[in-house]
Amino acid sequence: MSNIKIKSKNLNVYYGDKQALFDVNLDLNEKEVTALIGPSGCGKSTFIRCINRMNDVIDICKVTGNIEMDGIEINDKNLDVVSLRERVGMVFQKPNPFPKSIYDNISYGPKIHGKGETKSELDQIVENSLKKSALWDEVKDRLDEPGTSLSGGQQQRLCIARAISVNPEVILMDEPCSALDPIATAKIEELIDELKKTYTIVIVTHSMAQAVRVSQKTGFFHLGKLIEVGKTEKIFKNPDNKMTQDYITGRFG
Ligand code: ADP
């Protein structure tokens, strides 16, 4: 039985008058990949943004209910959001390296969080992060070049290296392969498989094949409700809910 890393209880999210999530109860297991699937606009991104309090930056957004990490309430007004985001990293749909060198893209976070004091410590963090994101061999001789000079797939691995550099516990991935070609996608999927040995991963994906390939648990959302959640194999082979069945067989969405 896996440990629960993150637990949401009756989580509701509103954008102004519009409710985007309805009483979501979802457990994410430690060192596993959980995939969130469902038609566009069903609340998948809204859910993952609750985990690192990214919804805070949206003025009209209100969150009620509970979401805990290791038993600590993430919605607590007194929680230090900077250290929460150190523990919960995020990778976005479109690779978004800073307009800086490959090296600086990765050393920036550790510097801000006071993690690399000396140049040699930072060098080590940069090397380790790039190795963990399976990019080191491709970039070790060009660390001073701009991050934006890399291919799309390499840029996304750079963004993963950047997320890893501050030593998080959880990595949120919001459709991380949607801008990538199949070969770059396969590399990211392989990487996710490796990363789950160390990190708890949540991936939003519109690709059911990807959910099957990378995740152990899958949650299906529809119109802001978590319709069904369970082992990925079960969700895709033998779901309990007819809506899940219709969605995975392409009948809607
Ligand atoms: P998904 O990730 O499944 O595509 P989202 O979480 O992005 O869904 O969106 C869920 C609902 O919340 C949608 O109806 C969307 O229009 C709304 N929404 C998302 N972000 C905002 C925002 N910043 N302001 C207002 N409404 C939003």
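The values are calculated or read from the model by the stated rules, or taken from the named source; none is laboratory data. Computed from a predicted structure; not experimentally measured. In this analysis, Cβ positions are derived from the backbone assuming ideal geometry, glycine residues included, and neighbour counts consider all displayed protein chains. SASA here: full protein model, heavy atoms, side chains in, ligands and nucleic acids out. Shrake-Rupley method; radii C 1.70, N 1.55, O 1.52, S 1.80 Å.
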### Task
State whether one or more residues within region 185-205 are open to solvent by less than 50 Å² (accessible area, probe 1.4 Å), within 26 Å of Gly114 (Cβ to Cβ) and within 16 Å of the ligand (Cβ to nearest atom).
no
### Task
For Ser45, indicate whether it is under 18 Å from the mean Cα position of the chain (by Cα), farther than 25 Å from Lys77 by Cα and hydroxyl-bearing (Ser, Thr, Tyr).
no
### Task
Could you look through region 232-250, keep only residues that are more than 19 Å from Lys44 (Cβ to Cβ) and charged (D, E, K, R), and pick out the one that is most open to solvent (accessible area, probe 1.4 Å)?
Lys237
### Task
List every residue pair whose Cβ atoms lie under 6 Å apart, where the two residues are 6 or more positions apart in sequence or sit on different chains, the first residue falls within region 115-141 and is assigned to a helix (DSSP H, G or I), and the second residue, located anywhere, is open to solvent by 40 Å² or more (accessible area, probe 1.4 Å).
Leu130/Trp136
### Query
Here are Asp56, Asp76, Asp80, Asp123: which of them is of a type outside the set (Val, Ile, Thr), open to solvent by 40 Å² or more (accessible area, probe 1.4 Å) and touching a Phe, Trp or Tyr at 6+ places or on another chain (Cβ under 9 Å)?
Asp123
### Task
Go through region 51-96 residue by residue and tally those that are near the ligand (Cβ under 10 Å from one of its atoms), assigned to a helix (DSSP H, G or I) and touching a strand residue (DSSP E or B) at 6+ places or on another chain (Cβ under 6 Å).
1
### Query
Of the residues Leu226, Leu172, which is in a strand (DSSP E or B) and surrounded by 24 or more Cβ atoms within 10 Å (Cβ to Cβ)?
Leu172
### Query
From the list Ser2, Ser40, Ser45, which one is away from the ligand (no atom under 14 Å from the Cβ) and among the small types (Gly, Ala, Ser)?
Ser2
#### Entry: Test: residue in region 24-31 that is out of contact with any Lys or Arg (no Cβ under 9 Å at 6 or more places or on another chain), open to solvent by 30 Å² or more (accessible area, probe 1.4 Å) and basic (Lys, Arg)
no
## Note on the structure
(1) in a loop (DSSP other than H, G, I, E, B); (2) open to solvent by 70 Å² or more (accessible area, probe 1.4 Å) all hold for Lys111 apart from (1)
### Message
Within region 179-202, does at least one residue satisfy the condition of being within 16 Å of the chain's Cα centre (by Cα), at pLDDT below 95, closer than 30 Å to Val82 by Cβ and not in a helix (DSSP H, G or I)?
### Response
yes
